[in-house]
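A quick write-up on the structure given underneath.
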Amino acid sequence: MDRMKSSIQQVPNPIPKVLSRRSGGANSLEVEKENFERNQAVSINKAINTQEVAVKEKHARTCILGTHHEKGAHTFWAAVSRLPLSSNAVVCWKFCHVFHKLLRDGHPNVIKDSVRNKTDLTDMSRMWGHLSEGYGKLCSVYLRLLITKMEFHIKVKSSFPGNLQMSNRQLEEAGENDVNNFFQLTVEMFDYLECELNLFLGVFSSLDMSRSVSVTAAGQCRLAPMIQVILDSSHLYDYTVKLLFKLHSCLPADTLQGHRDRFQEQFKKLKSLFYRSSNLQYFKRLIQIPQLPENPPNFLRASALSEHISPVVVIPAEASSPETEHVVETEDLVDTDVPALQAAGESRFDDVFGTSASSDLFNFNGQNGVRKDDKDRLIEQLSAELQALKEELEAFRVESGRLCQALRGRVSELEAELAEQSHLKQQALGESEFLRAELDDLRRVKEDTEKEQRSLTEIERKAQANEQRYNKLKEKYTELVQSHADLLRKNAEVTRQMTVARAAQDEVENVRREMQEKLKAAQETANLQEKTQIDQLHALQTDLVTSRTELETLKASTVSSQKSNEELGSKLVALEAEKAGLVEAVAQKEAALVGLEAELERVQSSLVSERENSVKAAEALKNQLNEKESREQALESELLSVRWAAVRAAVEEAEKLVLDSLEQLDQSAHVSCTSSADYLISRCHAALDCVDRLQSARDSVTVDTADVSELLRALSQFAHLLGDTIVQGSATIRVLPVEHSEVLGSSVRACGNEALLLLAGLKERDSLGVVDGAGLRSALQATLTTAEKLCPRGLELQQTELGDLVEQEMAATSAAVETASARIEEMLNKSRALDTGVKMEVNERILASCTELMQAIKGLVLASKDLQRDIVESGRGAASIKEFYAKNSRWTEGLISASKAVGWGATVMVDAADLVVLGKGKFEELMVCSHEIAGSTAQLVAASKVKADKGSMNLVRLQQASRAVTQATAGVVASTKTGKSQIEETDTMDFSNLTLTQIKRQEMNAQVRVLELETQLQKERERLGDLRKKHYELAGVAEGWGEEEEGTG
């Protein structure tokens, strides 16, 4: 028996093996999680890559199943955060496609987990929006669509699923049976559908529809996300139609005119896009796109709802191959090594009792029968014991299997419970963050409620005081009503008596008016007759004067004729005497002529002989002159050829310099050489002056070919200056962005090419007169313009001037606010001393609100100074404060402009308040000044916080000061309006003494005045719009908006 117990004890126990396997499987959940995250990362990286091909459906489906497995999108966002979404447009586009699929078909918690990344998506959309073509613009539009989709689902909470599929009853429940909710829900759907249409239009406009782009990989990459857009758009269109019919049954048609107009516009776009999409080969095999009706629904006819057919998008069944699913293999905890265990037990039994081969020890070949019987009995006994041990072993094996099965079930239960606990832990963490945020909101709401409660108590106290005053005023009003009724009765009696007297007076007035009209007509008739007689008298006097003038003229002509006859007689006598003298002179001239003819013949003969001698001498001199001229022409041609050879050599050297400078643009060794736009501008100016000098030298050579010295000097200077300009342009290109470097590089190359053309024209003598440097001058001017655009703004100010200007402007703003506060205090004291009654109350209220506004502005300026000091200290590094201001010149100029605006607004508001207190100003001027101050302080806050750290305490103080200024501005506007209404109540008009005719006349005058004021108001509004446009243009020039647009373009 002891041997049996020892043998039982030697049988190995399978339970420790099971426990060891259990302890080894405790980390199976972590292994499973690691495998899940690894598989998800692989699928995400395969779906979102840099290849311009459509996202494969199996990878996207794996991502969707992963969200359902982990009940969220934490793994997705962890993998996406490592992708280059901001640097590669194709990766960002495919990310948007996969993310859209997850929002539609993923777990509902995907939207909640993705809202936390909305800010990053917004920044990414704004960043890609700077690109005007390619995937960048499409990524910007797609990101805005996804942000709108998340905001839509967050606003409607759990009413709409991600795929927008819901029944009519669920749509009714989403509005909570409130027409306001339906109205707002329709607006949200309009915005959602507008984003969908913008993406649709952006994709189609980026494709070349003249080619079969839908069968190319690049075209399919852009068209693949449109399937999700079509699915969303069909549901949004259907729900919008149903909601509009619902709203038209509850609200007037005029109220929903804007909804109808917006629906008409979106209907036309959606119908056109559905039609264009249905004709693409890519969509025909993937989706069946519905066609919208020819005309939009008529919402003014309620029965048209029955004619509406919901568009249904059908996705044909795909012959998809079964995806390999991740199967978690669990080790079989049941020990299947029972035969081995049995063999081990048997071997252990054989070790104890011996093997079958050792039975020979009990075999004595029948020599000893008695001992053989003992052995047989012992064997039988041992065999029986062995059989009992085998039965016990079998029972133990069965029990061990049952225990292993139970332990395996328990392990499975514990693993499932552990997974559930992990999931609950994640949910608890998310809920704790959400509850913490809600707790913060509740605390803020509690603080606001306490403030409102305190203000409500104050209002109730004031209301009780006002009620007491109202009761007293009511009693006085009752007395005044009674006395007014008595006065009205007396007034009626007096009015009746005055009516009778006024009627009699009107009759007398009519009679007097008729007499005056008759007298006036008689006077006009007498005046007319008198005027006619005067005209006739003037005509007779004119005729008399004319006849007298003619008589005097006849008398003068008679006297002159007598005098002329006497003069003619005396002239005749003189002529006869002159004739006799002339006859004698003619005889003398004829005698002298004969002597002259003889002398002429003698002179002619001598001239003929002298002419023959001079001809011979001239021929000899001419021959000598011809020889000399030929020698001079040979020397001049030789000298001219030498001069042109020198010019041609100078031109060739200039061409070599220019070509060498152009080669520097592409030299890799020249990459390290850099220059600035300022120095390039100076080189361009020098080159332009040299081109003008070269042009003038060319003109002088054209006139006088003998003098080429100026041309040679101009060529030498031109080659060096233009080569230097090209080299400096090449060095400037190295420090510019790609888009600017291309523009400047093309301009510099154009300068070099134009210079080579100009030099080629200067080589030849024939083309010297026609060569022109206009092309080179325009190329240099283009380079100069580009360099001036690249020159940063604010360089006209030195670092010291810019830094000092900031301090001066902030100090001037503080001084202006202090001066304004002192003036307001002075005006308040003066008003208390001079004014009384309602005017004093109004002035005190207005000046008190202005004082509060000045104090708020003072606090804002101080907070802005502190925040500015933090910004400078944190951002300047090793540089000085003034160097920091010069480095950030654009921000510094904005800060200076904002400070000037605040100080100017405070001064103008004080002047307006002074005029209002004196009764010379207008309340509207004070309100406009208050609004201007609010805008200026908002500009100062924006300029101060643009470089501030989000966690800065000074930034919080600045925002609090900004809110205080806004409240103080509202107080000034409110007190001004209240004072204006009180003043207008005291200036009520009295019409009791006016007759019916006078009232009618004043009514017509008032209508004329109203029309004049309306016309003047329209003109002033147009003038205000023009002033604002001009202000924006000037502000854009001052802030460099045009330069930024050129830089981004």
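Among the numbered conditions (1) open to solvent by less than 20 Å² (accessible area, probe 1.4 Å); (2) of a type in the set (Val, Ile, Thr); (3) without any contact (Cβ under 8 Å) to a residue 24 or more places away in the chain, the only one that VAL80 does not meet is (3). Among residues of region 932-949 being within 28 Å of ASP911 (Cα to Cα) and of a type in the set (Gly, Ala, Ser), the one that is surrounded by the fewest Cβ atoms within 10 Å (Cβ to Cβ) is ALA942.
Does GLU399 count as modelled with pLDDT of 85 or more and more than 53 Å from the chain's Cα centre (by Cα)? Answer is yes for this residue.
Touching a residue at least 60 places away in the same chain (Cβ under 8 Å) and in a helix (DSSP H, G or I) - does that describe any residue in region 376-386? Yes.
Of note, VAL956 does not satisfy the criterion of being in contact with a Gly (Cβ under 9 Å, 6 or more places away or on another chain), open to solvent by less than 80 Å² (accessible area, probe 1.4 Å), part of a helix (DSSP H, G or I) and at pLDDT 80 or above. For region 707-721, the count of residues that are more than 21 Å from VAL771 (Cα to Cα), open to solvent by 80 Å² or more (accessible area, probe 1.4 Å) and of a type outside the set (Ser, Thr, Tyr) is zero. Within region 139-149, which residues are out of contact with any Leu (no Cβ under 7 Å at 6 or more places or on another chain) and either among the β-branched types (Val, Ile, Thr) or under 19 Å from LEU102 (Cβ atoms) (or both)? Across region 139-149, the qualifying residues are CYS139, ARG144, THR148. Note on region 670-780: enclosed helices (runs of 4 or more DSSP H) holding 3 or more residues that are free of Cβ contacts under 8 Å to residues at least 60 places away in the same chain, over 30 Å from LEU635 (Cα atoms) and among the hydroxyl-bearing types (Ser, Thr, Tyr) are 738-763.
Hey, could you check region 444-498 for residues that are among the hydroxyl-bearing types (Ser, Thr, Tyr) and open to solvent by less than 100 Å² (accessible area, probe 1.4 Å) and say which is nearest to ASN993 (Cα to Cα)? Filtering region 444-498 for residues that are among the hydroxyl-bearing types (Ser, Thr, Tyr) and open to solvent by less than 100 Å² (accessible area, probe 1.4 Å), the one nearest to ASN993 (Cα to Cα) comes out as THR495.
Exactly one residue out of THR558, THR542, THR553, THR525 is at pLDDT 70 or above and open to solvent by less than 80 Å² (accessible area, probe 1.4 Å): that is THR525. Being more than 27 Å from the chain's Cα centre (by Cα) and farther than 19 Å from SER233 by Cα holds for only one residue in ASN177, ASN168, and it is ASN177.
When only residues in region 131-167 that are open to solvent by 50 Å² or more (accessible area, probe 1.4 Å) and among the small types (Gly, Ala, Ser) count, which is modelled with the highest pLDDT? The extreme case among them is SER167. Take SER87 and decide whether it is of a type in the set (Ser, Thr, Tyr) and either open to solvent by 70 Å² or more (accessible area, probe 1.4 Å) or closer than 25 Å to ALA224 by Cα (or both). Against the criterion (of a type in the set (Ser, Thr, Tyr) and either open to solvent by 70 Å² or more (accessible area, probe 1.4 Å) or closer than 25 Å to ALA224 by Cα (or both)), SER87 qualifies.
Only residues that are farther than 16 Å from ALA912 by Cα and crowded, with 19+ Cβ neighbours inside 10 Å were counted across region 832-851, and they come to 0.
The values are calculated or read from the model by the stated rules, or taken from the named source; none is laboratory data. Quick caveat, the model's predicted, so the values are computed rather than measured. Ideal geometry is used to build each Cβ from the backbone, glycine not excepted, and the neighbour counts take in all protein chains shown. Just the protein is used for accessible areas: all its heavy atoms, side chains included, with ligands, DNA and RNA removed. Shrake-Rupley method; radii C 1.70, N 1.55, O 1.52, S 1.80 Å.
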